[in-house]
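This report refers to the structure that appears directly beneath it.
Every read-out reported here was derived from the displayed coordinates using simple, explicitly stated rules and does not represent laboratory data. This one's a predicted model, so the numbers in the text were calculated from it and none came from an experiment. Virtual Cβ from ideal backbone geometry, glycine too; neighbours counted across all protein chains shown.
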Amino acid sequence: MSRQKYLIGNWKMNNTIAKTEQFLLNFEKQLNTSKTTVVIAPSFVSLSSASKVLKSDRVKLGAQNIAWEDSGAFTGEISGEMLKECKVTFCIVGHSERRQYFGESDETVNKRIKACLRQGINPVLCVGETLYERQHNMTNQTIKRQLQGAFDSIASQQAEKCIVAYEPVWAIGTGMSANEAQAGQVAGQIRDCLSVLYPSLYGQEIGQKICILYGGSANTKNASLFLNCADIDGLLVGGASLFVDDFLQLAHICESV
Ligand code: PEP
C-alpha cells in the first residue's frame, strides 16, 4: 500500500442497526471524495446490514476488533472470516479502550494483526501514550514498545498493509486534542521506528510507505492542522464521526488539504 489519505470513523458502542442504516444512506448520498479513503467502523451487529445498505465503494466498512483465532470454541469472539462476509476491509486493532478495559496487550494486538492479514483485512493499529507517560517523558519508549510488539514476526510485505493511528490516550474522547507539533513529532517517530524494525528489505522505505493517522478529539476545527503535518496521512475519529454533517465536513477537509 502506498501513502494516501484516510478518514476512519470509530463508532465504538454507539448507534443501533436502524440508526446505522439511516446514517449510511444519508452519508453515502452526500459524500463526494476522490482521493480520501473513507471508512466507518460500526458495531459488529450492524456490519451485515451496513454492507447491504452501502451502494458503492465510496464508504468502506471497518470492524472495531477481530478474534485472533479463525474459528472454534471462543465464546463471544468474531472471526476474520465472519468480518469478510460483511465486506469488512479494515479493522481497528489495539484501541486504547480495549487496552484499558479489556486486557488487550501488545501480544494479543500482534495476534489480531496477523488474523487480519490472513484474511486480507487491513489492520488499523492504534498506539499512544497515557497522560502519565507523556508527563514522565515516556512517550517515545511507549510508542516503540507498542510498535515492536504489534509487528513482531510480521514480514515487511505484510506490515506495509497496516495503517498506524497515533492516538494519545489522554486526547481520546476528552475534547483535549494533541497539538499539531505533538502529533507531527510522534508520527515522525513512528516512521523512524518502522524503518528500524524493517531495515533489511526496505530500509527507509517501509517507514515512508506506511499510512499514519492522528486520532484523539479530532474535529472539523482542528482537522486541517493535523492533516498539514508532513507525516500524517489522515484521521481516526470517534465522537465527530457520529454526526453526518461533521463527518462529511471532515471528508471534505481531507480532500482539500
Ligand atoms: C477514537 O476513539 O479512536 C477517537 C479518536 O475518539 P475521539 O475522536 O472521540 O477522541
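Residues in the range 127-150 include none that are in contact with a helix residue (DSSP H, G or I) (Cβ under 7 Å, 6 or more places away or on another chain) and aromatic (Phe, Trp, Tyr). If you check TYR101 against the conditions, is it surrounded by fewer than 19 Cβ atoms within 10 Å (Cβ to Cβ) and within 18 Å of PHE44 (Cβ to Cβ)? Here the answer is yes, as TYR101 does meet what is asked. Look at the range 1-28: where a residue is touching a residue at least 24 places away in the same chain (Cβ under 8 Å) and a partner is of a type in the set (Lys, Arg) and not in a helix (DSSP H, G or I), sitting 6+ places away or on another chain with Cβ atoms under 8 Å, you get MET1/LYS161; GLN4/LYS35; LYS5/LYS35; GLU28/LYS55; GLU28/ARG58. Checked against the criterion of being basic (Lys, Arg) and touching a Lys or Arg at 6+ places or on another chain (Cβ under 9 Å), the candidates LYS161, LYS209, LYS144 yield just one match: LYS209.
Restricting TYR198, TYR166 to residues that are farther than 18 Å from THR142 by Cα and of a type in the set (Phe, Trp, Tyr) narrows the list to TYR198. Only one of the numbered conditions (1) within 16 Å of the ligand (Cβ to nearest atom); (2) buried (at least 22 other Cβ atoms within 10 Å of the Cβ) is not met by ILE121, and that is (1). Does GLU104 meet the test of being within 16 Å of the ligand (Cβ to nearest atom), touching a Lys or Arg at 6+ places or on another chain (Cβ under 6 Å) and either under 28 Å from THR174 (Cβ atoms) or not in a helix (DSSP H, G or I) (or both)? Here the answer is yes, as GLU104 does meet what is asked. Scanning the range 154-195 for residues being among the β-branched types (Val, Ile, Thr) and out of contact with any helix residue (DSSP H, G or I) (no Cβ under 8 Å at 6 or more places or on another chain) gives a total of 2. Whether a residue is of a type in the set (D, E, K, R), over 19 Å from the mean Cα position of the chain (by Cα) and within 18 Å of SER241 (Cβ to Cβ) was assessed, and LYS29 passes this test. Note on the range 152-257: enclosed helices (runs of 4 or more DSSP H) holding 1 or more residues that are more than 16 Å from the ligand (Cβ to nearest atom) and surrounded by fewer than 23 Cβ atoms within 10 Å (Cβ to Cβ) are 156-159, 180-197, 199-202, 205-209, 244-256.
Would a scan of the range 112-119 turn up a residue that is in contact with a strand residue (DSSP E or B) (Cβ under 6 Å, 6 or more places away or on another chain), of a type in the set (D, E, K, R) and not in a loop (DSSP other than H, G, I, E, B)? Checked against the condition, which is being in contact with a strand residue (DSSP E or B) (Cβ under 6 Å, 6 or more places away or on another chain), of a type in the set (D, E, K, R) and not in a loop (DSSP other than H, G, I, E, B), the range 112-119 yields at least one hit.
Among the residues of the range 16-32, not a single one is within 16 Å of the ligand (Cβ to nearest atom), part of a loop (DSSP other than H, G, I, E, B) and polar (S, T, N, Q). Number of residues in the range 1-15 that are within 16 Å of the ligand (Cβ to nearest atom) and either polar (S, T, N, Q) or in a loop (DSSP other than H, G, I, E, B) (or both) equals 6. Quickly run through the range 33-46 and pick out the residues that are of a type in the set (S, T, N, Q) and in a helix (DSSP H, G or I). Once the filter is applied, which keeps residues that are of a type in the set (S, T, N, Q) and in a helix (DSSP H, G or I), the range 33-46 yields only SER46. Of all residues in the range 77-90, those satisfying the criterion of being over 17 Å from ILE17 (Cα atoms) and either in a loop (DSSP other than H, G, I, E, B) or touching a Gly at 6+ places or on another chain (Cβ under 6 Å) (or both) are GLU77, ILE78, SER79, PHE90.
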